[in-house]
Amino acid sequence: MVSKCVRVTFLFTFMVLVSAYLMSGSVLADTSINIVNKNRCMACHSVDKKRVGPAFKAIAKRYDGSGQAVVHLQTTIKNGSQRRWGAIPMPAQNHVSDEDARIIAQWILSLSNGN
Ligand code: HEC
């Protein structure tokens, strides 16, 4: 009887912890990075080093504080970009959905405050 009660309490605590973890920001960040990987952005970008394209952290810094930043980045992700960072243009990423582009834009901007 006692041990059954302990087991139920344990199970309940476990479930509360799992749902708290699922709702936490780290899982949201995981989802964003999955979307970035799924859309093959990392072929040219990385979070903190310049590769073919600028580092996502550098992009976050440049647009930090601009009210239009999410919309701007969402548009450039889908349409591509040129001469903002250097000689190499970024081709349009038509395979990215509007929703994914918005989530990626918000994720990139979140990188400027150390998240
Ligand atoms: C073929 C290589 C390549 C791929 C693939 C690529 N990028 Fe880029 N990206 C670049 C280059 C090069 C630039 C710099 C363009 C410029 O100078 O304006 C850039 C710039 C950017 C910028 C900054 C735009 C601005 O307005 O300043 C963002 C945001 C960005 N890329 C996001 C992404 C995302 C998200 C993906 C995946 C869906 C992606 N890129 C895929 C090469 C790439």
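Just so it is clear, none of the values below were taken in a lab; they were calculated from the coordinates. Nothing here was measured: the structure is a model prediction, and the numbers come from that model. With ideal geometry, Cβ positions are generated from the backbone for all residues, glycine too; neighbour counts draw on all protein chains shown.
What the table shows:
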read-out	value
Subset of the stretch 74-92 (residues that are hydrophobic (A, V, I, L, M, F, W, C) and more than 6 Å from the ligand (Cβ to nearest atom))	Ala87, Ala92
Residue list for the stretch 43-54, filter: near the ligand (Cβ under 10 Å from one of its atoms) and surrounded by 14 or more Cβ atoms within 10 Å (Cβ to Cβ)	His45, Gly53, Pro54
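For (1) within 22 Å of Asn34 (Cβ to Cβ); (2) crowded, with 18+ Cβ neighbours inside 10 Å; (3) under 14 Å from the mean Cα position of the chain (by Cα), each residue gets a yes or a no:
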residue: Ile59; (1), (2), (3): yes, yes, yes
residue: Gly67; (1), (2), (3): no, no, no
residue: Arg84; (1), (2), (3): no, no, no
residue: His95; (1), (2), (3): yes, no, no
residue: Ile104; (1), (2), (3): yes, yes, yes
